[in-house]
Amino acid sequence: MNPKLTQLRTIITENLRIQRGGGSLPSYIDVSHSVGDVTSKQNHAIFARRGCGKTLLLHHSSSKLAGDVRPIYLNCEDFKHHSFPNVLIEVLDALFAELESHLSGWFGRKKKTRQLIQDIRKQLADRRCAADLQREDVRQVTALESQEFASMGGSLKAGGVGANASATSRSKARQETDRSFSVHTSKIRDLNAWLPQLKAQLRQFFSSSKAVKAVILQIDDFYHLRRADQPFVVDYIHRLCKDLPLYFKVATLRHASNLYADRAGQPIGAQERHDYQPIDIDFTFRDFSRTRDQNREILHAFGHMAGMSKPEVDALFKGEGFDRLVMAGGGVPRDTLSLFLEVLATVQSQGGDRIGKDDVRVLSRSNLERRVQELKQDSEGGEQDALMRGIYVLREFCLGKQTNVFLVSEQMLQQRDEVRDLIHRLLDYRIIHNAAVALTHKSQPGTYQAFAIDIGCYAHLRKLDKKFDELDISRSDAKERMRSAPILAAADFDKLWQSTPHDVESKLLVDSGLQDDADDERPQAGARA
């Protein structure tokens, strides 16, 4: 193999998942003003799907901070499945542990500041060890969390669709938020009472330092915290930062996060554009050329690190190979790069040296399977079942209509909370991809959003001709063609949902060719819908 290609594979492999202490990091490809925003003295929430570069943006921005501003990085995956309010205490302790590790360089060697931070961490430890009240109620709250999303499935199967399902979902969410608060009322009351003292101690830190005038608190992968707990955690962090030279940057999945809630008329959390400014670094198929160019720049940057020129990198593809790679990756850089390594290895093992459209299609099946497994790992109980059924429903609809793009009316998304939530979650997991918004249909009134199912959902159809009319998202006339795409109406959704098989996961994987390639000539499942 070409030594440069070997080096390129090594560099991409080592940087597919960015982590602190993982070696030299590639530069963040900033096509907007994200780096400047993240380095500013302002609270922000960074939204994007997994693999779009949220962690890289945080780490890259750390090197761009002003000389008197210091970053503290926390990864919420470390606190995954931890119960509230102990998870808040653990986040605070991690913050002060980082401050303690930098005391000498940031705040001098003063004995007073060291004693101050040790006292704070001791108080946090005492509060963490205090009795967790009503442990049985904690388990009940966890069960409610699963039921919140699963209620959609139960309501639909019982025939109670529409407003009933939406009302049930909202009711469960409110119940869970209230119970999450009430289960540990005493601890929360104690933490709230301690907050003014804690802020006063932080002021002493900043007043004692001539080198540090502000601290940026980087909170990564916030979606790993339980949704019911998220508004309470961010609420406390927001109040802690207020009126102090302390600013938070929360990186998370938009649709898997709940940063603001209303509890009995009392706002809890941080409100977008009031308490923090949003930064969206996601790249979708709404502007495919922009998404493709960003992914190409990233690959060029890795090529440069391996000593390859841009023409040398581009020469690894033929025809529509790169466009198809970006489509199969859902526009997400990590997925695109991971699939690139896999496809390149397969092509080279077969004596080839360039990646074409069909090479990508064949391996996109395994890419979908990884996303499904990721979904299963992150979701629990009834929610997992509802998401798997949702994948099956959308795939069956598209196979039945023999197309990869479908439309959903804005009206339906506004009126059917359970459908909107399902679509949002599947967007986060890159099972479906947003292709257009505010679209008008050629023959039906109203406005629509367009979505494309992942290539892996129909990759088993080796010969698409006469079986499947794939709308090429990369074409310049793609949006015009979407105006004739089939509309997923409420009746279609309900009918398909009620007909999902009991073993939906097994059926989904087999029918997608992920477990068995021998079913290419089977009758199309969607034709029954």
Notebook entry, point to check: Each residue of the stretch 366-371 in order: what ³J(HN,Hα) in whole Hz does its phi give by Karplus 6.51 cos²θ - 1.76 cosθ + 1.60, θ = phi - 60°, with x for Gly and Pro?
Noted result: 5, 5, 5, 4, 5, 5
Check: Given H placed on each backbone N at 1.01 Å, which residues far from residue 487 in sequence or on other chains put an amide H within less than 5 Å of it?
Finding: 407
Check: Over the stretch 356-444, one equal point on each Cα, no solvent: what is log10 I(q)/I(0) by the Debye formula at q = 0.12, 0.22, 0.23, 0.26 Å⁻¹?
Finding: -0.44, -1.27, -1.34, -1.49
Checklist line | Note, ³J(HN,Hα) from phi for the stretch 308-324, Karplus 6.51, -1.76, 1.60, rounded to Hz, x at Gly and Pro | finding: 9, 7, 4, x, 5, 5, 4, 5, 6, 10, 10, x, 9, x, 6, 4, 5
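For a quick protection proxy, order the peptides 353-366, 468-481 by their average other-Cβ count within 10 Å, most packed first.
Values: 353-366: 18.9, 468-481: 15.5.
Final packing ranking: 353-366, 468-481.
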Note to self: Within the stretch 42-101, what whole-number % of the accessible surface is contributed by carbon and sulfur, with the 1.4 Å probe and all protein chains included in the calculation?
What the structure shows: 42
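Tell me the carbon and sulfur percent of the accessible area for the stretch 310-432, rounded to whole percent, probe radius 1.4 Å.
42
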Check: Where only protein heavy atoms count, and the probe is 1.4 Å, what is the accessible area per residue for the stretch 372-442 in Å²?
Finding: 29
Check: Under a 5 Å amide H to amide H cut-off, with H placed in plane at 1.01 Å, what residues pair with residue 436 once short-range neighbours are removed?
Finding: 450
Notebook entry, point to check: What residues have an amide H closer than 5 Å to that of residue 276, excluding those fewer than 5 places away on the same chain, when H is modeled at 1.01 Å from N in the peptide plane?
Noted result: 271
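For residue 325, what charge total do you get from the other residues with a beta carbon under 11 Å from its beta carbon, if Lys and Arg give +1 and Asp and Glu give -1? Walk me through the numbers on the way to the answer.
Working: positive: 292, 296, 324, 357, 361; negative: 320, 323, 335, 342, 359.
Summing Lys/Arg as +1 and Asp/Glu as -1 gives 0.
Apply the a/c threshold of 1.5 to the C-alpha gyration tensor of the stretch 266-404 and tell me whether it is rounded, prolate or oblate. Display every interim value, and only then the final one.
Values: a/c = 2.21, a/b = 1.36, b/c = 1.63.
It comes out oblate by the Cα gyration axes.
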Next item on the list: First select every other residue whose beta carbon is under 13 angstrom from the beta carbon of residue 28; then total the charges, Lys and Arg +1, Asp and Glu -1.
Entry: -1
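Which translational diffusion coefficient, to the nearest whole µm²/s, is obtained for the stretch 177-331 from the Stokes-Einstein equation, given a Kirkwood hydrodynamic radius over C-alpha pairs, 25 °C and 0.890 mPa s? Don't jump to the answer; show the numbers that get you there.
Numbers: Rh = 19.4 Å.
It diffuses with D of about 126 µm²/s by this estimate.
The values are calculated or read from the model by the stated rules, or taken from the named source; none is laboratory data. Note that the coordinates shown come from a computational prediction; the quantities given were computed from them, not determined experimentally. Note that each Cβ is placed from the backbone with ideal geometry, even for glycine, and that neighbours are counted across all protein chains shown. These area figures cover heavy atoms from the full protein model, side chains too; ligands, DNA and RNA do not enter into them. Shrake-Rupley method; radii C 1.70, N 1.55, O 1.52, S 1.80 Å.
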